[in-house]
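Here is the structure we will look at, set down as structure tokens.
Read-outs throughout are calculated quantities, based only on the coordinates presented, and are distinct from any laboratory measurement. Worth saying up front: this structure is predicted, and the values here are computed from it rather than measured. With ideal geometry, Cβ positions are generated from the backbone for all residues, glycine too; neighbour counts draw on all protein chains shown.
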Amino acid sequence: MKVLRTQEEIKKYALAQKQAGKTIGLVPTMGALHEGHLTLMREAKKNTDVVIASVFVNPVQFGPNEDFDAYPRQFEQDCAKLEDVGVDAVFHPEPSEMYPEGFCTYVNVEGEFTKKLCGGQRPGHFRGVATVVTKLINLARADKAFFGQKDAQQVCVIRRFVEDLAIPVEIHMVPIVREENGLARSSRNAYLSPQEKEAALVLSRSLNLAATAFKKGTVQVETLKQIIKDEINKEPLAVIDYVEIYSFPALTEIETAQAGDIMAIAVKIGKTRLIDNVILEG
Ligand code: AMP
């Protein structure tokens with residue numbers, strides 16, 4: 001597996017692949033890789049000739065009081081995992097390589113939907129995501145880029161700017177990968193103590209309760225939200241950031257739910273903020 005650290009290196013690598021007639025799949029990550037990330041890599045391998053992963057903790061998408069410094073960094077272990085699944089190249093730049101002196105251009109998706117959910121709680125977050133993803137797609141000359149449903153609003157934002165700016169890339173969304181006990185895999189799970197990890201099961205449990213109620217005929221959004229909130233509130237270590245049900249992918253307000261809508265939650269377990277979601281099935 002090639003390790004690429006500079007813009008020049010990745011540009012050269014991507015151009016050579018294109019000239020050889022290969023299609024390129026891009027999988028952006030912030031590292032501390034787990035089975036969720038590796039599933040995206042496998043999906044990329046199935047759909048493209050050459051897979052470029054990126055491992056970059058993007059400073060621009062973190063707020064001033066967020067966990068940029070604490071975010072787990074374990075590049076050597078990440079490389080071993082990426083080799084294992086057959087990724088062809090990993091791009092691992094320094095922040096100063098991605099945002100050199102003079103950098104001043106950002107991609108800002110302005111739709112109302114970006115102000116909801118995580119966008120409401122993390123101002124500037126999606127501006128940072130959209131900017132770095134645009135740059136990565138360009139550098140990698142990606143034909144297809146792969147993202148997880150785990151960050152469903154991120155997929156909405158990316159699909160929007162790709163369409164609005166006519167960026168020639170196909171966006172693929174991969175379902176959430178969970179531990180056997182239901183906890184959505186996340187690099188941030190590493191922050192949790194054993195007791196908090198147990199408490200964190202309340203996220204998927206509460207969503208499953210509402211999904212089951214929906215399947216049995218409960219469609220009132222307020223009722224479904226209350227089922228989720230009641231379950232989370234039973235867990236003493238959990239504090240709700242938001243519990244929402246919207247249409248997907250437009251993320252518009254709805255009063256009654258139908259298949260395809262999304263139930264999305266953010267919950268603090270101790271100091272760690274976790275997100276999870278379920279797209280309703282009929
Ligand atoms: P991150 O490193 O957290 O920025 O995540 C990189 C990519 O992996 C994003 O597209 C995430 O949505 C995706 N991802 C993270 N966790 C999961 C998961 N549990 N299941 C599926 N995709 C995931």
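Here are the numbers for this structure:
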read-out: Separation of alpha-carbon centers, the stretch 101-133 and the stretch 143-185, rounded to whole Å; value: 15 Å
read-out: Folded to 0 to 90 degrees: helix 152-164 orientation relative to the chain principal axis, Cα; value: 50 degrees
read-out: Which listed pairs, of K234/K271; K150/K271; K81/K234, have C-alpha distances above 27 Å, in listed order; value: K81/K234
read-out: Residue (of Y71, Q19, P59) at the positive-pole extreme of the stretch 1-87, dipole from beta-carbon charges; value: Q19
read-out: Computed [θ] at 222 nm, deg cm²/dmol, the chain (DSSP H ≥ 4; -39,500 (n - 2.57); rounded to nearest 500); value: -11500 deg cm²/dmol
read-out: Model label zone, Q258; criterion: amide N under 16 Å from point 7 Å along Cα-to-beta-carbon; scope the stretch 205-240; value: 215, 217-221
read-out: Cα centroid of the stretch 233-267 to Cα centroid of the stretch 1-78, whole Å; value: 29 Å
read-out: Prolate/oblate/rounded call for the stretch 127-278, Cα gyration tensor, a/c under 1.5 rounded; value: oblate
read-out: Gain upon complete extension [E281, D69; 0.36 nm per residue less C-alpha separation]; value: 72.5 nm
read-out: Stretch gain in nm, segment R159-Y242, where the contour uses 0.36 nm per residue and the Cα spacing is subtracted; value: 27.6 nm
read-out: Candidate aspartates and glutamates for bridging to K2, where Cα separation is under 20 Å - those fewer than 8 sequence places away on the same chain excluded; value: E43, D49, E76, D78, E83, D84, D88, E94, E97, D143
